[in-house]
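The values are calculated or read from the model by the stated rules, or taken from the named source; none is laboratory data. The structure presented is a predicted model; accordingly, all values stated were derived computationally and were not measured. Positions of Cβ are generated from backbone atoms using ideal geometry, with glycine treated the same way; all protein chains shown enter the neighbour counts. Surface accessibility is based on the protein's heavy atoms, side chains included, excluding ligands, DNA and RNA. Shrake-Rupley method; radii C 1.70, N 1.55, O 1.52, S 1.80 Å.
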Amino acid sequence: YDAWTAARNRPIFFEGAIELLSDLKSRGLVIGVISDGFAELSQIPQVSSLVDFAIFAKDVGASKPDAKIFHAAMAKASEVLGGACVAGECIMVGDSHQKDVAGAQAV
């Protein structure tokens, strides 16, 4: 169990992912994470300074593709922005068409 817990905070990123997040952040975009996992983003140095917020299924009581988790992310983004965040102004990037893309499109 200890090995699994430690490994969750050592992800392998797709080539160019960190650079892309850094570029988007430098352009003033709000960056959030929606996850069904259990990683501690503050323990992942490559992304901890690039992410404005994270929404976890365990905290919301719903996993992707449930609309509840996407609505929670938009609410948190609205807090960060200090104004409304609507689905049409968001971009979802993920590795599962069914859970990430279809889930976001249904909102």
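Net charge near SER78: determine it from the other residues with C-beta under 14 Å of the C-beta of SER78, scoring Lys and Arg +1 and Asp and Glu -1.
-2
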- line: Quick shape check on region 37-79: root eigenvalues a ≥ b ≥ c of the Cα gyration tensor, a/c under 1.5 is rounded, otherwise prolate if a/b tops b/c, else oblate, and it reads oblate
message: Just to compare against my own numbers: the Cα pair-distance distribution for region 1-47, 5 Å bins, whole % per bin, please.
response: 4, 18, 24, 27, 16, 7, 3, 1
- prompt: VAL33's amide H: which non-local residues (gap 5+, or another chain) put their own amide H closer than 5 Å, with H modeled 1.01 Å from N in plane and none for Pro or chain starts?
  reply: PHE53, ALA54, ILE55
statement: Quick calc, GLN98 & GLU40: beta-carbon distance into FRET formula, R0 35 Å, rounding 0.05, result 0.85
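Once every DSSP H run of n ≥ 4 in the chain is given -39500 (n - 2.57) and the sum is divided by its residues, what mean residue ellipticity at 222 nm do you get, rounded to the nearest 500 deg cm²/dmol?
Numbers: 5 runs with 39 residues, N = 107.
Counting only the DSSP helices, I get -9500 deg cm²/dmol.
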query: Given the Cα-Cα distance of ASN9 and ARG27 and 0.36 nm per residue of separation, how much length would full extension add, in nm?
result: 3.8 nm
- request: When a/c is below 1.5 the answer is rounded, else prolate if a/b is larger than b/c, else oblate, so apply that to region 1-79 with a ≥ b ≥ c taken from the square roots of the Cα gyration tensor eigenvalues.
  value: oblate
- prompt: Rounded to a whole number, what % of the accessible area of the chain do carbon and sulfur atoms account for, probe 1.4 Å?
  reply: 56 percent
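In region 15-95, which chymotrypsin sites (Phe, Trp or Tyr not before Pro) fall in coil by DSSP and have 12 or fewer other Cβ atoms within 10 Å?
PHE38
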